[in-house]
Amino acid sequence: MNRTIIIILCLLIGVTAPCQNKKERQKNKIKSITEWETTTIDGKTNNHKTTFEEFDKSGRSIFREEYASDGTVKFKATVVYDSYGNKTEETEFDLAKNKNFRLKSKYNAMKDKTEEVEYDGKGDVRKKTSFTYYANGNKMSEIETDGAGNFLKKATYTYNSRNLKTERMTTSKSSQKEKSKKWEYVYY
């Protein structure tokens, strides 16, 4: 009975606690949030930190760690923004998914992402994606290469007369059509 009540309370706290959205964090000038969990099993109480998250003055998450019950870090992520609010660097470490990478992005004067470089845990380039745009700002293509600069695939975009995306076609190394995704719109 005691254990059931504790589990229900923990679930309620977990569901209701992280309700602060970006606007609320900015309005209340929240710099960080630490989440703690207390469990009692067979009369033994365990209190440990489950997450720690830090925010910038705009309320955007810039650092997040999740911890196992023994206190070890099981997940860690960081984000760096430029003065226009674009993500310029992201890192992620996920012990469960055996994931450790860093992503750096560059933007043009119109705030369109022009390049994305993904690094592995050792700092070596895993892949690079370059983006091109039409004069109206619609994305024209994405070209993906591996760490050595070898072509992997290309995605091209088409749009309708209202500048809405209608197709994304991906071609492979051998210039073979790999995948096509289409959008149809119904208007009022």
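Just so it is clear, none of the values below were taken in a lab; they were calculated from the coordinates. As the structure is a prediction and not an experimental result, all values here were calculated from the model. Glycine gets a Cβ as well: all are built from the backbone with ideal geometry, and neighbour counts include every protein chain shown.
Structure above, values below:
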| read-out | value |
| --- | --- |
| Within the chain, helix-based [θ] at 222 nm, where runs of 4 or more DSSP H residues each add -39,500 (n - 2.57), nearest 500 | -3500 deg cm²/dmol |
| Over 32 Å between alpha carbons, listed pairs 76/173; 74/139; 31/106; 49/113; 87/179; 76/106 | 76/173; 74/139; 49/113 |
| Separation of the residue 44 and residue 158 label points, Cα + 7 Å toward Cβ, nm | 6.5 nm |
| Cα convex hull of the stretch 86-188 - mean projected area over all directions, nm² | 9.1 nm² |
| FRET efficiency for residue 24 and residue 180, using Cβ-Cβ distance with R0 set to 41 Å, rounded to 0.05 | 0.50 |
| Difference of contour (0.36 nm per residue) and Cα-Cα distance, residue 99 to residue 151 | 16.3 nm |
| [x] -1.01, -1.13; [y] -0.83, -1.11; [z] -0.77, -0.98, with the label sought being that of the calculated log10 I(q)/I(0) by the Debye sum over Cα atoms at q = 0.14, 0.16 Å⁻¹ | [x] |
| Cα-based shape type of the stretch 59-132, given that a ≥ b ≥ c are square roots of the gyration tensor eigenvalues and the cut on a/c is 1.5 | oblate |
| Between helix 2-16 and the chain: long-axis angle, C-alpha atoms, 0 to 90°, nearest 10 | 40 degrees |
| Mean Cα-pair separation over length for the chain, i.e. relative contact order, pairs under 8 Å, 6 or more apart, % | 8 percent |
| Extreme residue, positive dipole direction of the chain, given options 100, 46, 164 (C-beta unit charges) | 164 |
